[in-house]
Amino acid sequence: MKLYMKKLINLSLVLVLFLLVSCGETETKTISSTSVEMLEEYPMEGSNTVTGIWKVDLKAVDLNKIKNAKVTSINVEMVEPSQSDVITDIIMQLAASGASMQRVGVLNPVPGDSKSFEMSIAEEQENLVDLLKQDEITFVADVNLNTEPSNGFSIKTTIGFELEVKQ
């Protein structure tokens, strides 16, 4: 009888472990925002220099199955002025009502004479799943300028995400 009970317990443990492992399987998906225009007619350097809104589209990913999310790339394209000479450094943040603002990237110094550039990604990223569950996310750029552009300031930003999705 003891041998039977021991086998039954072992079988039960194996089944529980199997269920835990199979329920924990995830798939990694990559998505990208659209190119978000961020502009200001009369730019002033510092906090919230330019903002733009991304209407969140996760390409048929079930929001309730997202286990984790992180930013993997931030590309900035200069529009006005067309070169990055006016920027000394830039910080990119994501914000939405219903979620806390999150710093996702920085570049200091910004390379001069560039039409576009990639930002360095923040090592610590929190609450991105909460942000992605919103209808729209505001991209917020804090920009330090070495000269104020006479015709306004405009950039286009594309952010890449990596999602860990439960299967």
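The values are calculated or read from the model by the stated rules, or taken from the named source; none is laboratory data. Nothing here was measured: the structure is a model prediction, and the numbers come from that model. Every residue, glycine among them, receives a Cβ derived from its backbone with ideal geometry; neighbour counts consider all protein chains shown.
General remarks:
- Members of segment 139-167 found to be in contact with a helix residue (DSSP H, G or I) (Cβ under 6 Å, 6 or more places away or on another chain) and closer than 30 Å to N68 by Cβ, listed by number: V165, K166
- Contact map, segment 131-144: first residue farther than 20 Å from S47 by Cα, second residue among the aromatic types (F, W, Y) and at pLDDT 95 or above, Cβ cut-off under 7 Å, separation 6 or more or different chains; pairs are E136/W54.
- Filtered residues of segment 1-46 (kept if small (G, A, S) and modelled with pLDDT of 80 or more): S32, S33, S35
- Matching residues in segment 33-71 - criterion: being of a type in the set (S, T, Y), surrounded by 15 or more Cβ atoms within 10 Å (Cβ to Cβ) and part of a strand (DSSP E or B): T49, T51
- Members of segment 29-82 that are without any contact (Cβ under 8 Å) to a residue 12 or more places away in the chain and not aliphatic (A, V, I, L, M): N64
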